[in-house]
1. If you put +1 on each Lys and Arg Cβ and -1 on each Asp and Glu Cβ, how big is the dipole of the chain around its Cα centre, in Debye rounded to 20?
2. What shape does the stretch 66-175 take by its C-alpha gyration tensor, where a ≥ b ≥ c are the square roots of the eigenvalues and a/c under 1.5 counts as rounded, a/b above b/c as prolate, and the rest as oblate?
3. Considering only protein heavy atoms and a 1.4 Å probe, what is the carbon-and-sulfur percentage of the accessible area of the chain?
4. Whats the longest run of the chain with zero trypsin sites (Lys or Arg not before Pro) that are DSSP loop and have at most 15 other Cβ atoms within 10 Å?
5. Kindly provide the helix-only [θ] at 222 nm of the chain, computed as the sum of -39,500 (n - 2.57) over DSSP H runs of four or more divided by all residues, to the nearest 500 deg cm²/dmol?
6. In the stretch 49-114, how does Rg compare with the Kirkwood Rh, expressed as the Rg/Rh ratio over alpha carbon atoms?
7. For the stretch 1-86, give the magnitude of the charge dipole about the Cα centre (Cβ charges: +1 Lys/Arg, -1 Asp/Glu; no others), in debye to the nearest 20.
8. Could you give the accessible area per residue of the chain, probe 1.4 Å, as a whole number in Å²?
Amino acid sequence: MSTPLDNPKTRVRVDVNGRVMVRDVECRKHLVDFLREDCGLKGSHLGCEHGVCGACTVRLDGQIVRGCLVLAAQADGHRVETVETASPSRRLKALQDAFVEHNALQCGYCTPGMLMAALDLVERRPDANREQVRAWMSGNYCRCTGYHAIVDAVCSVLAQQKAGRFDAAAEGAQA
Ligand code: FES
Ligand code: FES
């Protein structure tokens, strides 16, 4: 017979995409499960659940992490961004458009994690060359596309960025 002590819960307060989520979660629950089951944000996917495939990639206090390797309890008091935060980000929107344009997704299962990893690259390594893009994205697995189209898409957004497309001063909008 199970008792409450078999699955102890803890209260967490997490800023998810700018909204504070207060939930009672099992201490053992992973961040990606918290996002999907307790916050209703299904964009982050579960693939391997071992920290290998990258389908669960989200940002925790601005750093990309594997949502399947972080406990929800560890995110207590912290800020999480998921692919659902896409709308306010012009870079993420540009990446989404580039993925479509370059046919960089087929089943789409890996795509949310790919987009979050790519967004991190575009923001942190604006001068990355094609080989560096390939190396950066190598932490995310795709079983459909063969990767070339994904690298093409990311490189195209880097090129747009270099051309000033996301300069707030140039377009008078938040990048
Ligand atoms: S589900 Fe987290 S890395 Fe694969
Ligand atoms: S598009 Fe199917 S796994 Fe990447």
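1. Result for the chain is approximately 60 debye, rounded to the nearest 20.
2. Numbers: a/c = 1.73, a/b = 1.12, b/c = 1.55.
Oblate, since a/c reaches 1.5 and b/c is not below a/b.
3. Details: 4520 of 9060 Å².
Roughly 50 percent of what the probe reaches on the chain is carbon or sulfur.
4. Details: sites that count: 28, 42, 143, 165.
Longest gap between qualifying sites, sites excluded: 43-142.
5. Details: 5 runs with 53 residues, N = 175.
Value at 222 nm, helices only: -9000 deg cm²/dmol.
6. On the way: Rg = 13.0 Å, Rh = 12.9 Å.
Rg/Rh: 1.01.
7. Its charge dipole is roughly 100 debye.
8. Values: 9060 Å² over 175 residues.
I get 52 Å² per residue for the chain.
The values are calculated or read from the model by the stated rules, or taken from the named source; none is laboratory data. Just so you know, these numbers come straight off a predicted model, no measurement behind them. FYI the Cβ positions are ideal-geometry reconstructions off the backbone, even for glycines, and counts take in every protein chain you see. The area values use the complete protein model at the heavy-atom level, side chains included, leaving out ligands, DNA and RNA. Shrake-Rupley method; radii C 1.70, N 1.55, O 1.52, S 1.80 Å.
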